[in-house]
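*Asks:* A single structure is presented below for examination.
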Amino acid sequence: MSAHDVAQWQTPQGGYSSVMRLMPWITAEWRRLLLAIFLGALALACGVGLMATSAWLISRAAQQPPILELEIAIVAVRAFGIGRGVLRYAERLVAHDSAFRALSRLRLAVYDRLAIIAPAGVPAYRRGDLLERMVRDVDAIQDLPLRVIVPYVSGIVVCVGSVILAWMMLPAAGLVLLVSLLLSALLVPLMTARAAADAECASAHARGQLNAEALGLVDGLGELLLTGANAQWLSRIEAADRDVSRLRLRSARASSFAASLGVLLSGGAVVAMLLVAIPAVRAGQLDGVNLAVLVLLPLATYEAVSIMPAAALSLGRVRGSAERVVGVLQAPDLVPAPAHPAAAPAGIPELVLRDVQSSWPGGAPVRLAGDVRIGPGSRVGIVGSSGVGKSTLLAALAGFLPYQGSMTLDGVEIRELNGADVRRIVGWCPQLPHIFDSSIVENVRLARPESTDDDVRIAMGKVGLGEWIDSLPLGMDTHVGDQGGQISAGQRQRIGVARVLLAGHPIVLLDEPTEHLDEINADEVARQLLRALDGRTVVWVAHRPHGLVELDHIVPISRD
């Protein structure tokens, strides 16, 4: 993978094409989305109806008609007042339900993609930036239905209805309201978007940079203090924070300008309505009672258009986050999925390697010359000096890296299999298994979520951690701390093997499983691990002799 490819992942794509690429996740809930728009339009219509009916009621009551003539208007005012709150609550409930359902699908898609491009693709992002993409940027996509689609579409529906109502009462009034709403619904959001949408878009990337710098400081605080570089790093965080603040200030100014312009247009519409309605009343073209209705109609409808500039800003914010999320979803895969995947072999397949060559992006290639045949249930060791490329070979076997030559499972090339099938058959326990800040049982159960506590306990016992678990006050519910800081390196390694054991992979790849153990315990741990994996094919990578005497065959590897 070239530096150009990495830069392309992290560079904004421009326009709103990224937003459109995420629309399938939003439109998957189109029924709930349409219901939310309908409820939102009804809530806004109740607001318009409340003010219009109240204006008619007050004007008509001033003429002191019989009370029966006012009963319908009185009931309508109460209905509109109650309906406005109820319908608004229902709209928010349905809209958020739709957004959260779409968000859960999108988040799963991001996680699935990260699982596919890992481990070769994830290092292209800094940790803090990747965390920002996975959490905050994905969460920001919910603004697309909640703050853009639902309010804008329901507002347009109510604006059209208000214009029709004004037109029926007085055509000139309908024209005045139409012009006012067009300016408020189109011109003001367009001006807002031009003034601040780019700032909202850029703020997502600026937040990612700030988060990456802050997390980098936390991760390397000890080294930075020792070298005296902490002040320089803090200045980088301050610069990133200033960028975020500058972009937020720019957005706030545009938002306040849009709000002021909207109020000005609304007030101008009221004045223009008076200028056309008063002569109409004098000419007998308009009932005097309806004068108040027409004058207050622009104010009532303003609620529907006042949220549109904010929707334009939200769209800019969504655009920035969408570009970053799409960057993950469209990250290039080093091992492309085959167009027509072959059927995965059953049972414990035979593994055959022939002149295999592979490499990490930008790294030196590793080559395993000749033919290596590993029968079902065999235990083979791959040995070589540190840095020779043993882990690279295991990554290719696990389907994470492309390779040249041939690697077959019962005669089927690994590159011709679906990636999920490869990882179901081949389980890789890396040299430093990742340990989550959770309990021991949950760290192991990660390999097979449906497994019971007894299943986890059996797996832990097979890797030699049974007595240790029994000695803990909380047993398997003991928390291991951040990155496994409360357990030893050997315990961390065996938890990783317990995961592979619980997952039931027919072929297990062990990368330096005794590397972090002392001389006394390394041989005993090696025997325990091989005993736990009895009956499965084991590929053991090491540059130390511990455990090698228990293997069936040793394959040396070198750069030559």
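The values are calculated or read from the model by the stated rules, or taken from the named source; none is laboratory data. Quantities reported herein were computed from a predicted structural model and do not represent experimental measurements. Please note: Cβ atoms are built from the backbone with ideal geometry, for glycine as well, and neighbour counts cover all protein chains shown.
*Asks:* Looking at 344, 339, 322, which is the one that is assigned to a loop (DSSP other than H, G, I, E, B) and either more than 28 Å from residue 535 (Cα to Cα) or in the same structural domain as residue 204 (by TED's automatic domain parsing) (or both)?
*Replies:* Selected residue: 339, the only one of 344, 339, 322 that is assigned to a loop (DSSP other than H, G, I, E, B) and either more than 28 Å from residue 535 (Cα to Cα) or in the same structural domain as residue 204 (by TED's automatic domain parsing) (or both).
*Asks:* Pick out the one residue from 41, 73, 62, 52 that is touching a Gly at 6+ places or on another chain (Cβ under 9 Å) and at negative phi.
*Replies:* None of the other options fit; the residue is 41.
*Asks:* Taking residue 31 as meeting all but one of (1) more than 16 Å from residue 152 (Cβ to Cβ); (2) at pLDDT below 90, write down the number of the exception.
*Replies:* Looking at each condition in turn, residue 31 falls short on (2).
*Asks:* Then there's this: Do we find that residue 303 is closer than 30 Å to residue 194 by Cα and surrounded by fewer than 22 Cβ atoms within 10 Å (Cβ to Cβ) in this structure?
*Replies:* Taking the combined requirement at face value, the residue satisfies it.
*Asks:* Another question about this same structure. For residue 374, which of the numbered conditions (1) at pLDDT below 85; (2) among the hydrophobic types (A, V, I, L, M, F, W, C); (3) closer than 29 Å to residue 514 by Cβ fails to hold?
*Replies:* Tallying (1) at pLDDT below 85; (2) among the hydrophobic types (A, V, I, L, M, F, W, C); (3) closer than 29 Å to residue 514 by Cβ, residue 374 fails exactly one: (1).
*Asks:* Answer yes or no as to whether residue 144 is within 25 Å of residue 88 (Cα to Cα), buried (at least 23 other Cβ atoms within 10 Å of the Cβ), assigned by TED's automatic domain parsing to the domain that holds residue 33 and within 27 Å of the chain's Cα centre (by Cα).
*Replies:* In short, yes.
*Asks:* I've got another one for you. Taking the criterion of being aromatic (Phe, Trp, Tyr) and either in contact with a Lys or Arg (Cβ under 7 Å, 6 or more places away or on another chain) or modelled with pLDDT of 85 or more (or both), would at least one residue in segment 16-23 satisfy it?
*Replies:* The answer is yes, given that some residue of segment 16-23 is aromatic (Phe, Trp, Tyr) and either in contact with a Lys or Arg (Cβ under 7 Å, 6 or more places away or on another chain) or modelled with pLDDT of 85 or more (or both).
*Asks:* Another question, if that's okay. Checking residue 450 against (1) surrounded by fewer than 20 Cβ atoms within 10 Å (Cβ to Cβ); (2) more than 31 Å from the chain's Cα centre (by Cα): exactly one of these is not met. Which one?
*Replies:* Residue 450 satisfies every listed condition except (2).
*Asks:* Applying the selection to segment 353-375, what residues are surrounded by fewer than 17 Cβ atoms within 10 Å (Cβ to Cβ), in contact (Cβ under 8 Å) with a residue 24 or more places away in the chain and hydrophobic (A, V, I, L, M, F, W, C)?
*Replies:* Across segment 353-375, the qualifying residue is only 364.
*Asks:* Given the options 373, 379, 423, 367, name the one that is over 35 Å from the mean Cα position of the chain (by Cα), within 20 Å of residue 496 (Cα to Cα) and in the same structural domain as residue 540 (by TED's automatic domain parsing).
*Replies:* After ruling out the rest, the residue left standing is 379.
*Asks:* Criterion first (exposed (fewer than 13 other Cβ atoms within 10 Å of the Cβ), within 30 Å of residue 300 (Cα to Cα) and within 39 Å of the chain's Cα centre (by Cα)) does residue 260 satisfy it?
*Replies:* For residue 260, the condition - exposed (fewer than 13 other Cβ atoms within 10 Å of the Cβ), within 30 Å of residue 300 (Cα to Cα) and within 39 Å of the chain's Cα centre (by Cα) - is met.
*Asks:* Could you count how many residues in segment 377-414 are surrounded by fewer than 19 Cβ atoms within 10 Å (Cβ to Cβ), outside any strand (DSSP E or B) and at pLDDT 85 or above?
*Replies:* 5
*Asks:* Please specify each residue of segment 399-437 satisfying the condition of being among the small types (Gly, Ala, Ser) and under 29 Å from residue 494 (Cα atoms).
*Replies:* 399, 419, 420, 427
*Asks:* Working only within segment 156-174, note down all residues that are under 20 Å from residue 262 (Cβ atoms) and without any contact (Cβ under 8 Å) to a residue 12 or more places away in the chain.
*Replies:* 160
*Asks:* Moving to a separate point now. Looking at segment 214-224, can you tell me whether even one residue there is surrounded by 15 or more Cβ atoms within 10 Å (Cβ to Cβ), among the hydrophobic types (A, V, I, L, M, F, W, C), touching a residue at least 40 places away in the same chain (Cβ under 8 Å) and in the same structural domain as residue 323 (by TED's automatic domain parsing)?
*Replies:* Scanning segment 214-224, I find at least one residue that is surrounded by 15 or more Cβ atoms within 10 Å (Cβ to Cβ), among the hydrophobic types (A, V, I, L, M, F, W, C), touching a residue at least 40 places away in the same chain (Cβ under 8 Å) and in the same structural domain as residue 323 (by TED's automatic domain parsing), so the answer is yes.
*Asks:* Continuing with this model, one more query. Would you mind stating whether residue 130 is buried (at least 20 other Cβ atoms within 10 Å of the Cβ), of a type in the set (A, V, I, L, M, F, W, C) and closer than 30 Å to residue 209 by Cα?
*Replies:* Yes: the conditions hold for residue 130.
*Asks:* Out of 437, 455, 477, I need the residue that is within 25 Å of residue 524 (Cα to Cα) and either within 35 Å of the chain's Cα centre (by Cα) or buried (at least 19 other Cβ atoms within 10 Å of the Cβ) (or both). Which one?
*Replies:* 455
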